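Data block below; observations after.
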Amino acid sequence: MRYAHPLLALIVVAFLGYSLTPYLTGGTRVPPTFALHHPLLLVHVFCASVAMVGAVVQLWSARGRRVPRWHRTAGRIYVAATVPAALTALVIGPATPFGPLLAVSNVALGALWLWFTVAGYRAVRRGRIAEHRRHMLRSAVLALSVIGNRVWTPVLFVVLDPLRDSVFQGGDEHYLWLVAGLGGWLGWLLPLVLVTLWLRRPHEETLSSVRRGREGHPV
Ligand code: HEM
């Protein structure tokens, strides 16, 4: 666990280095499907990158019992970057060129990301620290889950290859839609389920009720 945060930071830096390159040089990996698609994608990619760095900073700084003062500043930057990143994802998500299964996943993920972030921000403004922590942990996990999506999709592409002929009769487009869709869903659903189970473990429940008691109001 000692090296978990530096390792996560390294993975995020490598992911951003790979992901951002085409967008910094005027290119794209996503063929546009409507007029504003590309500009909205650019807003999404750059805001989401700031949010991702913010997520690492926040997870790292919230390790101890007392969070440092800059946790607050970094948190505000995280929220300010996440809101436009999620809103743009909600617009370009349904119009994805990678099929309907991914379109639904994009909308569900974008809505949940926005929901947990706003709920976490509202909770901390009301002094509900335990609730803030739970929402923001889910929000950060969703932000970071995009890395998993980029791993699942190529793995599924290879593993499901026999289906290409047997089910799709060589129809590459529908096969790609299936792979992209499954990769999208697995990428965020699995980490969200895991973090939710982790937050419900008995020790955590006790910790939360102690925190709730200290805060003096129900969560
Ligand atoms: C968590 C909620 C997120 C949602 C719902 C979401 C949704 C989307 C959508 C809809 C696209 C266009 C591709 C498509 O049509 O399927 C996209 C592309 C992209 N997103 Fe996100 N995204 C999220 C988070 C992030 C984060 C945290 C990053 C971090 C940098 C990120 C980076 C990118 C990049 C780089 C692309 C361009 C695709 C590529 O070049 O591989 N996204 N995202």
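Here, each number is a calculation from the coordinates, and none is a lab measurement. These numbers come from a predicted model, not from an experiment. Here Cβ is always computed from backbone atoms with ideal geometry, including for glycine, and neighbour counts include all displayed protein chains.
Within the listed set His38, His174, His135, the residue fluctuating most in the Gaussian network model of the chain (springs between alpha-carbon atoms under 10 angstrom) is His174. Computed 3J(HN,Hα) for region 10-24, one whole-Hz value per residue from the Karplus formula 6.51 cos²θ - 1.76 cosθ + 1.60 where θ = phi - 60°, is 5, 4, 5, 4, 5, 4, 5, x, 5, 5, 7, 3, x, 6, 7, glycine and proline marked x. Cut-off 10 angstrom, C-alpha nodes, Gaussian network model of the chain. Which of Leu178, Leu194, Leu41 fluctuates the most? Highest fluctuation among the options: Leu194.
Site pair Leu8 and Ala35 shows an inter-label distance of 4.2 nm when each label is modelled 7 Å from Cα along Cα→Cβ.
Among the trypsin sites (Lys or Arg not before Pro) found in region 126-203, those both in a DSSP coil and sparsely packed, with 14 or fewer other Cβ atoms within 10 Å of their Cβ, are Arg126, Arg200.
Restricting region 1-41 to chymotrypsin sites (Phe, Trp or Tyr not before Pro) that sit in a DSSP loop and have at most 12 other Cβ atoms within 10 Å of their own Cβ leaves Tyr3, Phe34. Approximating the spin labels as points 7 Å out from Cα along Cα→Cβ, the Thr196-to-Thr73 distance works out to 3.6 nm. Sequence-distant contacts, meaning Cα pairs under 8 Å at least 6 residues apart, place the relative contact order of region 4-215 at 19 percent. Using only Cα atoms, locate the centre of region 124-185 and the centre of region 61-116, then give the distance between them in Å, rounded to an integer. The two parts, judged by their Cα centres, are 14 Å apart.
Subtracting the Cα-Cα distance of Val104 and Gln169 from 0.36 nm times their residue separation leaves 20.9 nm of extension gain.
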